[in-house]
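What follows is a single structure, written as structure tokens, with notes after it.
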Amino acid sequence: MSSTGFNSQNGAGGQPYANGPSQNPVALHPSGPGYNMAHQPPYNPTQVKGPMPPGPGLYNSGPYQPVPLVGSYQAPPGQPMLHRPSMGPPQPMTPPQSASPGPGLRMPPAQATPPPPVSANSYYQHPPSWQYGAPPPIGAPPSMAVPQHGPVANHVTSSPSPAPPQSSVGYNAAPPAIHNTMQPLGPPATLQGYTQPGSAPPMNSMVAPQSYQPGMRVPIAPPPTMRPTPPPTGTPNATPPPPLVPKTDGHIQTPGNGAPFPNSFDHLETGHTMTGPAPPPGPPARHMGQSYPALPPGYQNTSAPPNASPMHHPMQTPSQPYSHAPQQYQQTSAGPAQLSPSLAGLSLQSQTPEALRVVNLLQERNLLPPGPISPPTPCLPQDLQKINCHPEVFRSTLTSIPQTQSLLNKAKLPLGLLLHPFKDLTQLPVVTSSTIVRCRSCRTYINPFVSFLDQRRWKCNLCYRVNDVPEEFMYNPVSRSYGEPHKRPEVQNATIEFIAPSEYMLRPPQPAVYLFVLDVSHNAVETGYLDVVCQSLLENINSLPGDSRTKIGFITFDSTIHFYNLQEGLSQPQMLIVSDIEDIFLPTPDSLLVNLDECTEMVQDLLKSLPHMFGKTMETQSALGPALQAAFKLLSPTGGRVSVFQTQLPNLGVGSLKSREDPNQRASAKDIQHLSPATDFYKKLALDCSGQQVAVDLFLLSSQYCDLASLGCISRYSAGSVYYYPSYHQQHNPAQVECFQKDLKRYLTRKIGFEAVMRIRCTKGLSIHTFHGNFFVRSTDLLSLPNVNPDAGFAVQMSIEENLVDMQVVSFQAALLYTSSKGERRIRVHTLCLPVVNSLSDIFAGADVQAITGLLASMAVDRSVTASLSDARDAMTNASIDSLTSYRTSVLTIQQPGLLAPACLRLFPLYILALLKQKAFRTGTSTKLDDRVFAMCQLKYQPLAYVMLMIHPALYRVDDLTDEGALNISERTIPQPRVQQLSVEKLSREGAFLMDAGSVIYLWIGRNCNPNFLTQVLGVPSYAAVPQNMTMLPELDTAESQRTRAFIGWLREQRPFFPILHVVRDESPLKASFMQNMIEDRTESALSYYEFLLHIQQQVSK
């Protein structure tokens, strides 16, 4: 294993480089007296494989805002008690005396049967390039301190001690130190507006079909015994993580030469302290009062955003739309007594659910379900499940949270959250109110999972503090009734958006500002990309999100920097050239960014002339670094978005780079070099940008190596995006041109949020310690997002700091504070509620195999950069071995021969093998360095639905499409062919097969393909007549053509980017790319799926 620490060396300068998850500094230092809970060492999947070097383990973290537990409450005599299913049994306020975790229910292991002998023709006769026999230990190497450039308070270094800290923070009635103080909420307002745009399919497609009125709770029949919803009987999915190490992603405050951050957004999102004495911590009981279904005060129907996707699985249609018939909400009275047998003590073993059905992976060949895989449904009471946050927005790797860290360690599964916080939604309740109700202690926003003790008091579901209900919250302007706070939308919708009052602003909301920085060197002009960018801007100039204050500007560069004066009154745009790139300055600071409404004609003139202006240039140099410095200077006063288009390796001025790729090592090297940046210039500049609310998006269009590992930092740490178009050329690669055009249109017109911050809170006892995605971590747990877009995903890792023994459920809340393109300050809040369990079998039953795989992929990317690619590969393999070993030894009651897995984890080894063969992690195959780095970028910041298609593409047979089982969407019939296994044995020379790999779609035509398909769909008379570079299907007036095009169109609509279609023949150069996605087959350097299973079985049976 590499001796490199988890803060790996950053290029030649040896500066520590932080590229991945950031650790919570609170987690790294003991925090004063508390309950003295003994901290369980976090599970590291490779512990059993070899000695661990000193350092923090995989899921380690320290205390995180613990607060006391509170339980049942008796209403004062004469006052009605508002009931809601209880969230936990009564418990005394005395701190627990023992730190020992409660033992989980475990099934006694039976006599183990020896595994069958490995057949003589197993893969062990042909040792692969992976050395699985003795995987190197994947612990945390000695950490390297990050140099301190900023305020000490925000500086974090990894703890060098081998064991995590023991102490946890004790409860204090004062607000925890992590949060700043808050101000009075202000006088109650007279009326509150509420916007509910449109109607949409149900937020959760897994619940039983019921009609649902947006803003109203469905009537709940009085449950005789409040049983939890059983896990879905379909095809559950769950997966364990690998031993990957926390790193700093988004970087813990080390802003190199960055400017200090003047805007304390931590102060904003945390809020201000109310005047007056704080209320008492509340009675020592945890009764769940009543939830608040509600119709919003006053609707305004606003149209859904373009490309808004309905709230359902990306590959699924909504099962039933909300009906608009008002329904009476019926309160249910379910106290702790009714709930405890069904939630607290329930082990799912009493009746084996589908998720725990034992599957012998070596015998069951066809494991893939015929259609999309739905996430497991948390085992919650029906009324809670109905209002829970949708899994497309907020998803946990485990839908049942273990009571203790030791139980989690025993399960060998990772605990983390995957978020898509700014996703386009067809239904989003929007509340306008001068009072945003939040917990006075932990600042949690009021949500459907709080308890109401009576009409005047509510209990926080994260810290259990009892809070007063503000007077304004008592009034419901819809029914014009008073005293019914349960009619409010804030406590009925798990996803909601507030229009924030002035307390949430440090300055007036910024305008939308767009700056385009364009490479105009000879190489750039040759590709022809400039025509596409200018044409796309001309077509979409009026669709850029914004208002009357929107500003726009342009910079072009080669060996010099060109600015454009677009001021009103000029007869044509004026180009100003700055040749002193060593000391860049703005020639006319006031006229380079202009109001778009006032100067539209001048902007259009520039866009029409730009492609011709540099048509005959012979300038080959590229001063990207100075151009970015100029962009930073120009946008610093306001903040905004920089869109950079680059076509070659920067070779002039600051930030210049040299080629680090050795083509001879592409195929042979087991460990890939140069995955980390060559210079810290781009990272430091990104941190400066983040401090001034500037995000940088990078479009890389090149046929040569561009060192994306270095250039990508400018987007990674400023919360931007990276777009990569290898071999882009207007004439030679028309498919890439089409893809670029479609992506650009989406990019220019999609929703955008400016000067944003996001904080994730969780119930006392849980701790968030590592973040994944594109951002900068500003203060322990506050993500700085100068721009936020609807296509960005995030992930966090968590640990259990205190035993959750007295809790039946825990909650997680993500709050995103941003400025809309219209200049409104808004807060989007998502709240997720999950049950707590005390048995290993329940943990396994709730494992979400796709979420685990997605989190694991992010962790593996970080491991590849900080340690080595081989370490990351071994870690992923060990993750599957460890989880199946834990299942075999601790959950199975009868030991049988074979490789046994619970049904919910049956796809885990397949997904791990798919990751090992994915472009980001594969070895032995010629993979360009930029291609590999871009694949890693995608795994880190794309939402889970798109990541899974990259990891395990979907294969369909399409030469025999029928309308049987088809979907009907907007009067279109969409065929639903069965998903096939990714193996050549599933291909047929007589058929045609479509492979959806996320960013690319292949249509493979068999040599003896049905002539009817060739003529009716491809419009050619024979196989020989299929064109080599076919990328579009002709629009033929035949049923077969309509079905095929409808199916491909439907697949494309599921994602925000545009996948290219390639028609592949046996002789096609793209056949190799198509075949590389056949994950279950053996290649020269990688095992087949069956061989991989034999290897895992050998390790599990040791």
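The values are calculated or read from the model by the stated rules, or taken from the named source; none is laboratory data. Note that this is a predicted model, so its numbers are computed, not measured. So basically every Cβ, Gly included, is an ideal-geometry build from the backbone, and we count neighbours across all protein chains shown.
Within the stretch 611-625, count every residue that is assigned to a loop (DSSP other than H, G, I, E, B) and touching a residue at least 12 places away in the same chain (Cβ under 8 Å).
Initial filter on the stretch 611-625 (assigned to a loop (DSSP other than H, G, I, E, B)): 614-623.
So of that shortlist, the ones also touching a residue at least 12 places away in the same chain (Cβ under 8 Å) come out as 614-615, 617-623.
Counting residues in the stretch 611-625 that are assigned to a loop (DSSP other than H, G, I, E, B) and touching a residue at least 12 places away in the same chain (Cβ under 8 Å) gives 9.
Considering only the stretch 685-697, I want to know if a residue exists there that is farther than 30 Å from ILE1001 by Cβ, modelled with pLDDT of 95 or more and part of a loop (DSSP other than H, G, I, E, B).
Looking through the stretch 685-697, at least one residue is farther than 30 Å from ILE1001 by Cβ, modelled with pLDDT of 95 or more and part of a loop (DSSP other than H, G, I, E, B).
Could we say that ALA795 is in contact with a His (Cβ under 6 Å, 6 or more places away or on another chain), buried (at least 24 other Cβ atoms within 10 Å of the Cβ) and modelled with pLDDT of 95 or more here? So that I can check it myself, show each step before the final result.
On the way: in contact with a His (Cβ under 6 Å, 6 or more places away or on another chain): yes; buried (at least 24 other Cβ atoms within 10 Å of the Cβ): yes; modelled with pLDDT of 95 or more: yes.
Considered against the rule, which asks whether it is in contact with a His (Cβ under 6 Å, 6 or more places away or on another chain), buried (at least 24 other Cβ atoms within 10 Å of the Cβ) and modelled with pLDDT of 95 or more, ALA795 comes out as yes.
For the stretch 1044-1059, check the following and say yes or no: at least one residue is basic (Lys, Arg), touching a residue at least 60 places away in the same chain (Cβ under 8 Å) and not in a loop (DSSP other than H, G, I, E, B).
Checked against the condition, which is being basic (Lys, Arg), touching a residue at least 60 places away in the same chain (Cβ under 8 Å) and not in a loop (DSSP other than H, G, I, E, B), the stretch 1044-1059 yields no hits at all.
Any idea which residue in the stretch 867-891 is surrounded by the fewest Cβ atoms within 10 Å (Cβ to Cβ), counting only those that are among the polar types (S, T, N, Q) and modelled with pLDDT of 95 or more? Reasoning before the result, please.
Quick first cut of the stretch 867-891, residues among the polar types (S, T, N, Q) only: 868, 870, 877-878, 880, 883, 885-886, 889-890.
The next check asks that each one be modelled with pLDDT of 95 or more; those that pass are 877-878, 880, 883, 885-886.
Numbers: THR877: 26, ASN878: 29, SER880: 30, SER883: 30, THR885: 20, SER886: 22.
Residue satisfying both the conditions and the ranking: THR885.
Which condition does LYS1071 not pass, out of (1) in contact with a helix residue (DSSP H, G or I) (Cβ under 6 Å, 6 or more places away or on another chain); (2) within 23 Å of CYS739 (Cβ to Cβ), if it passes all the others?
(1)
Residues that are of a type in the set (Val, Ile, Thr) and farther than 30 Å from ILE881 by Cβ, at least 3 per element: which strands (runs of 3 or more DSSP E) completely within the stretch 414-492 meet that? Working first, answer last.
Numbers: elements: 416-419, 430-432, 451-454, 457-459, 466-468.
Result: 430-432.
Condition check ((1) touching a strand residue (DSSP E or B) at 6+ places or on another chain (Cβ under 8 Å); (2) more than 29 Å from VAL358 (Cα to Cα)) across all residues:
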position	(1), (2)
ILE881	no, no
SER890	no, no
THR893	no, no
LEU910	no, no
LEU915	no, no
ASP930	yes, yes
TYR941	yes, yes
ILE969	no, yes
GLU985	no, no
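Determine which single condition THR1038 fails, assuming it passes every other condition in (1) crowded, with 19+ Cβ neighbours inside 10 Å; (2) farther than 14 Å from MET995 by Cβ.
Going through (1) crowded, with 19+ Cβ neighbours inside 10 Å; (2) farther than 14 Å from MET995 by Cβ one by one, THR1038 breaks only (1).
Quick test of your reading of the structure: ASN774 fulfils all but one of (1) more than 30 Å from VAL450 (Cα to Cα); (2) more than 19 Å from the chain's Cα centre (by Cα). Name the failing condition by number.
Exception for ASN774: condition (2).
Of all residues in the stretch 895-912 being assigned to a helix (DSSP H, G or I) and in contact with a His (Cβ under 9 Å, 6 or more places away or on another chain), which is nearest to ALA851 (Cα to Cα)?
Going through the qualifying residues, I end up with TYR911.
Out of the residues in the stretch 361-410 meeting the condition of being part of a loop (DSSP other than H, G, I, E, B) and among the β-branched types (Val, Ile, Thr), tell me which one is nearest to the chain's Cα centre (by Cα).
If we filter the stretch 361-410 for residues that are part of a loop (DSSP other than H, G, I, E, B), which is where we start, we get 361-381, 387-393, 397, 399-400, 403-404.
With among the β-branched types (Val, Ile, Thr) added as a condition, the list becomes 373, 377, 387, 393, 397, 399, 404.
Details: ILE373: 18, THR377: 19, ILE387: 21, VAL393: 9, THR397: 12, THR399: 17, THR404: 25 Å.
Residue satisfying both the conditions and the ranking: VAL393.
For residues that are part of a strand (DSSP E or B) and without any contact (Cβ under 8 Å) to a residue 60 or more places away in the chain, scanning just the stretch 957-977, find the one that is surrounded by the most Cβ atoms within 10 Å (Cβ to Cβ).
Restricting attention to the stretch 957-977, the residues satisfying the condition of being part of a strand (DSSP E or B) are 957, 967-969, 972-974.
In the following step, the residues that additionally are without any contact (Cβ under 8 Å) to a residue 60 or more places away in the chain were identified as 957, 968.
Details: ARG957: 17, ASN968: 10.
By that ranking, first place goes to ARG957.
Kindly indicate which of ASP862, ASP842, ASP848 is touching a Cys at 6+ places or on another chain (Cβ under 9 Å), under 17 Å from VAL796 (Cβ atoms) and of a type in the set (D, E, K, R). If you could, list the steps in order and put the result at the bottom.
On the way: ASP862 fails: touching a Cys at 6+ places or on another chain (Cβ under 9 Å); ASP842 fails: under 17 Å from VAL796 (Cβ atoms).
The conditions single out ASP848.
Take the residues in the stretch 600-637 that are among the small types (Gly, Ala, Ser) and surrounded by fewer than 22 Cβ atoms within 10 Å (Cβ to Cβ); name whichever of them is farthest from PRO508 (Cα to Cα).
Step one: of the stretch 600-637, the residues among the small types (Gly, Ala, Ser) are 609, 615, 622-623, 625, 627, 630-631, 636.
Add one more test, that the residue is surrounded by fewer than 22 Cβ atoms within 10 Å (Cβ to Cβ), and what stays is 609, 615, 636.
Numbers: SER609: 36, GLY615: 43, SER636: 15 Å.
My answer is GLY615.
Quick check on ALA920: is it in contact with a Lys or Arg (Cβ under 7 Å, 6 or more places away or on another chain) and in a loop (DSSP other than H, G, I, E, B)? Working first, answer last.
Numbers: in contact with a Lys or Arg (Cβ under 7 Å, 6 or more places away or on another chain): yes; in a loop (DSSP other than H, G, I, E, B): yes.
Judged against the criteria, ALA920 is a match.
Across the stretch 922-940, which residue is surrounded by the most Cβ atoms within 10 Å (Cβ to Cβ) among those that are within 12 Å of VAL865 (Cβ to Cβ) and over 17 Å from the mean Cα position of the chain (by Cα)?
By that ranking, first place goes to VAL933.
Tell me which of these SER721 doesn't satisfy, since it passes every other one: (1) surrounded by fewer than 21 Cβ atoms within 10 Å (Cβ to Cβ); (2) within 30 Å of ASN1029 (Cα to Cα); (3) not acidic (Asp, Glu).
(1)
Answer yes if at least one residue in the stretch 507-529 is surrounded by fewer than 22 Cβ atoms within 10 Å (Cβ to Cβ), out of contact with any Ser or Thr (no Cβ under 7 Å at 6 or more places or on another chain) and in the same structural domain as PHE699 (by TED's automatic domain parsing), and no otherwise.
Yes, that holds for at least one residue.
Confirm whether LEU1094 is touching a helix residue (DSSP H, G or I) at 6+ places or on another chain (Cβ under 8 Å), buried (at least 18 other Cβ atoms within 10 Å of the Cβ) and within 22 Å of ARG922 (Cα to Cα). So that I can check it myself, show each step before the final result.
Working: touching a helix residue (DSSP H, G or I) at 6+ places or on another chain (Cβ under 8 Å): yes; buried (at least 18 other Cβ atoms within 10 Å of the Cβ): yes; within 22 Å of ARG922 (Cα to Cα): yes.
Criteria met by LEU1094.
Can you tell me how many residues in the stretch 1004-1036 are over 15 Å from ILE1048 (Cα atoms), within 40 Å of the chain's Cα centre (by Cα) and not in a loop (DSSP other than H, G, I, E, B)?
Going through the stretch 1004-1036 one residue at a time, the tally reaches 2.
If a residue must be closer than 19 Å to LEU537 by Cα and part of a strand (DSSP E or B), how many such residues does the stretch 725-744 contain?
So the answer is 1.
Looking at the stretch 805-846, which of its residues are of a type in the set (Phe, Trp, Tyr) and either over 25 Å from PRO376 (Cβ atoms) or in a strand (DSSP E or B) (or both)?
Going residue by residue through the stretch 805-846, those that are of a type in the set (Phe, Trp, Tyr) are 812, 818, 844.
Residues satisfying the conditions are PHE812, TYR818.
Before we move on, is GLY640 farther than 27 Å from THR527 by Cα, at pLDDT 95 or above and surrounded by 22 or more Cβ atoms within 10 Å (Cβ to Cβ)?
Working: farther than 27 Å from THR527 by Cα: yes; at pLDDT 95 or above: yes; surrounded by 22 or more Cβ atoms within 10 Å (Cβ to Cβ): yes.
Against the criterion (farther than 27 Å from THR527 by Cα, at pLDDT 95 or above and surrounded by 22 or more Cβ atoms within 10 Å (Cβ to Cβ)), GLY640 qualifies.
Can you pull out every residue in the stretch 565-610 that is among the polar types (S, T, N, Q) and without any contact (Cβ under 8 Å) to a residue 40 or more places away in the chain?
So the first thing to find is which residues in the stretch 565-610 are among the polar types (S, T, N, Q), and the list is 565, 567, 571-572, 574, 579, 588, 591, 595, 600, 604, 609.
Once the filter is applied, which keeps residues that are among the polar types (S, T, N, Q) and without any contact (Cβ under 8 Å) to a residue 40 or more places away in the chain, the stretch 565-610 yields ASN565, GLN567, SER571, GLN572, GLN574, SER579, THR588, SER591, SER609.
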